[in-house]
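The values are calculated or read from the model by the stated rules, or taken from the named source; none is laboratory data. Note that the structure is predicted; figures quoted are calculated from it, not measured. Neighbour counts run over all protein chains shown; Cβ positions are idealised from the backbone, glycine included.
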Amino acid sequence: MGRSRELVFAGIAAVLVVLYLGIGIRVGPAFFPPSSPTPTPTKPVTLVTLPPGADASVSGTIAFALRGDVYVLSGKGYAPLTSDGRSHEPGITSDGRTVFFARVEEIDGKRMVDGQVVPAHLRFSNVVSASASGGTQTVLIDGLVKADSGFHLVTWFDSPAVSPDGKRIAVVADDGQGYSDLVLYDAQTGKQPLPLSKGSNLADPSWSPDGKTIAVTSYTLGTPRLLLVPVDGRASVPLTTPDGEPYRASYSPDGSWLVYTLRHEGKNDLHAIQMSGIHKDVELTSDGKSWNGVFSPDGKQMAFLREKDGVIDLYSMDLGEALTGGFAKNAVKLTRGEGIDGASRPAWGA
C-alpha cells in the first residue's frame, strides 16, 4: 500500500515538473532575455564626438584608419576623410595640415605571361594626398604604369611617411618581384624616386626629427628586427631589443626615444628605447593587447591601438614619468568601438 502511494505521488510530481518547464519556456524569456554579442557600431559617415573625458587629453590632429577608410581626429571629434573603403596607413605632415595614405585600386588590364600579353585583373595601390580638413584628393604616386608594349606594370606602395620638412615621402614599394624596398619621392610632385634599399623586405618607415634617418621594420632575414636607414645611402644600423619580435618604430619629437611594438608569447606591448647612451628599454604597457604607438607633437603623450573584448579602439596615454623611471597615466579611449584597422599605425600632427 505504501509503495503504491509513493508511485502515485511520483507520477503527480513528474506531471508538475513538465507543466512548470512548459510555462518556464514560454514565460522565462520575458524575465531573462537571451544574451547576444554587442553589435559593432555603424561605420561613421559624419563627425563623431569623442567619448566623455577624451577631448581634454588630445591636442593637434590624429589620422587613423577605420574599416578601410582614413579618419581625422581633432578638436572634440573625428570624421571620415575618405569613403571608398580602400584606404589605409595614413601619414601626416608635422603641422597636421596634409594627410598621405595608400589606396588600393584594381582594373581589368593586361600583363605579360610567358612572353605573351594577356588580359588580367590587376590590383595595386597609389599614394594619395589630401587636406586634413577634407576636399580634393590627389594621386601623388601612381602604382599603375602602362608599358610601350601595351601591358601594365603594377606596384604596391604602402606606409607613406612624410619627412619633417614636408619635402619627401618615404614609402615601401613592392613591384611583384618578391621584395618591399624603401624608396623616397618628392612630396609635391611624386617624382624623382630615390631607392634606399634593393632586394629587401622592409615596412613601417618613420623619419627621425632631423630628417637624416628612417626607422623601418626589416623582414629580410625572416624574423622582424628594427633598422635605422640613413637617407644619405650609408649602411643601415640594427637596433637591439628585448627577446620577441619588434616592429613599427616611431621617433619622439626630439629624437631621443623610439617607441615600438614588441610581440612576445603571442602578445603585443609598447616599448620605448633610448636612442643615446646605454639605449635603455622601457616597457610602456603590459596588458598584451596594445600596439602601433606614436608620440604626440610635444612628446608628452602617445596614441596607440588597443584591443578589448574583441574590438580595437584608438587610445591616448599621458606618458607622465614613464621614460624617467616613473609610470604612465591611465590610457583614455578616443573612439567608440567602431573597429579600428589593426594593421594601420595612426599618425599625429600639430
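Among (1) more than 13 Å from the chain's Cα centre (by Cα); (2) within 18 Å of residue 256 (Cα to Cα), where does residue 348 come up short?
Tallying (1) more than 13 Å from the chain's Cα centre (by Cα); (2) within 18 Å of residue 256 (Cα to Cα), residue 348 fails exactly one: (1).
List pairs: first residue in segment 151-176 and touching a residue at least 24 places away in the same chain (Cβ under 8 Å) and hydroxyl-bearing (Ser, Thr, Tyr), second residue surrounded by fewer than 21 Cβ atoms within 10 Å (Cβ to Cβ) and outside any strand (DSSP E or B) anywhere in the structure, Cβ distance under 6 angstrom, at least six positions apart or on different chains.
Close Cβ pairs satisfying both conditions: 155/175; 163/211.
What residue, of 108, 148, 84, is touching a strand residue (DSSP E or B) at 6+ places or on another chain (Cβ under 8 Å) and not in a strand (DSSP E or B)?
84
Could you please give the count of residues in segment 123-163 that are buried (at least 17 other Cβ atoms within 10 Å of the Cβ) and either in contact with a Cys (Cβ under 9 Å, 6 or more places away or on another chain) or farther than 29 Å from residue 187 by Cβ (or both)?
Looking only at that region, the number is 1.
Is it the case, given these coordinates, that residue 283 is free of Cβ contacts under 8 Å to residues at least 60 places away in the same chain, touching a strand residue (DSSP E or B) at 6+ places or on another chain (Cβ under 7 Å) and charged (D, E, K, R)?
yes
Considering every residue within segment 292-299, establish whether at least one is at pLDDT below 95, of a type outside the set (Lys, Arg) and farther than 20 Å from residue 239 by Cα.
no
Confirm whether residue 245 is modelled with pLDDT of 95 or more and surrounded by fewer than 19 Cβ atoms within 10 Å (Cβ to Cβ).
yes
Does segment 308-340 hold any residues that are in contact with a helix residue (DSSP H, G or I) (Cβ under 9 Å, 6 or more places away or on another chain), part of a strand (DSSP E or B) and surrounded by fewer than 17 Cβ atoms within 10 Å (Cβ to Cβ), and which are they?
318 - this is the single residue of segment 308-340 that is in contact with a helix residue (DSSP H, G or I) (Cβ under 9 Å, 6 or more places away or on another chain), part of a strand (DSSP E or B) and surrounded by fewer than 17 Cβ atoms within 10 Å (Cβ to Cβ).
I'm trying to understand the selection: among the residues of segment 67-88, which are within 17 Å of residue 100 (Cβ to Cβ) and not small (Gly, Ala, Ser)?
Matches in segment 67-88: 69, 70, 71, 72, 73, 80, 81, 82, 84, 86, 88.
Out of the residues in segment 261-301 that are of a type in the set (A, V, I, L, M) and in contact with a Leu (Cβ under 9 Å, 6 or more places away or on another chain), state the one that is surrounded by the most Cβ atoms within 10 Å (Cβ to Cβ).
By that ranking, first place goes to 270.
How many residues, within segment 250-307, are in a loop (DSSP other than H, G, I, E, B), of a type in the set (A, V, I, L, M) and in contact with a helix residue (DSSP H, G or I) (Cβ under 9 Å, 6 or more places away or on another chain)?
1
Go through segment 37-92 and give me each residue that's crowded, with 20+ Cβ neighbours inside 10 Å, of a type in the set (Gly, Ala, Ser) and at pLDDT 95 or above.
Matches in segment 37-92: 63, 65, 87, 91.
Can you find a residue in segment 281-292 that is of a type in the set (Val, Ile, Thr) and within 20 Å of the chain's Cα centre (by Cα)?
yes
Answer yes if at least one residue in segment 260-269 is touching a Phe, Trp or Tyr at 6+ places or on another chain (Cβ under 6 Å), without any contact (Cβ under 8 Å) to a residue 24 or more places away in the chain and not basic (Lys, Arg), and no otherwise.
yes
Can you tell me which residue in segment 95-122 is surrounded by the fewest Cβ atoms within 10 Å (Cβ to Cβ), limited to those that are of a type in the set (D, E, K, R) and either modelled with pLDDT of 95 or more or in contact with a Leu (Cβ under 8 Å, 6 or more places away or on another chain) (or both)?
Within segment 95-122, the match that is surrounded by the fewest Cβ atoms within 10 Å (Cβ to Cβ) is 108.
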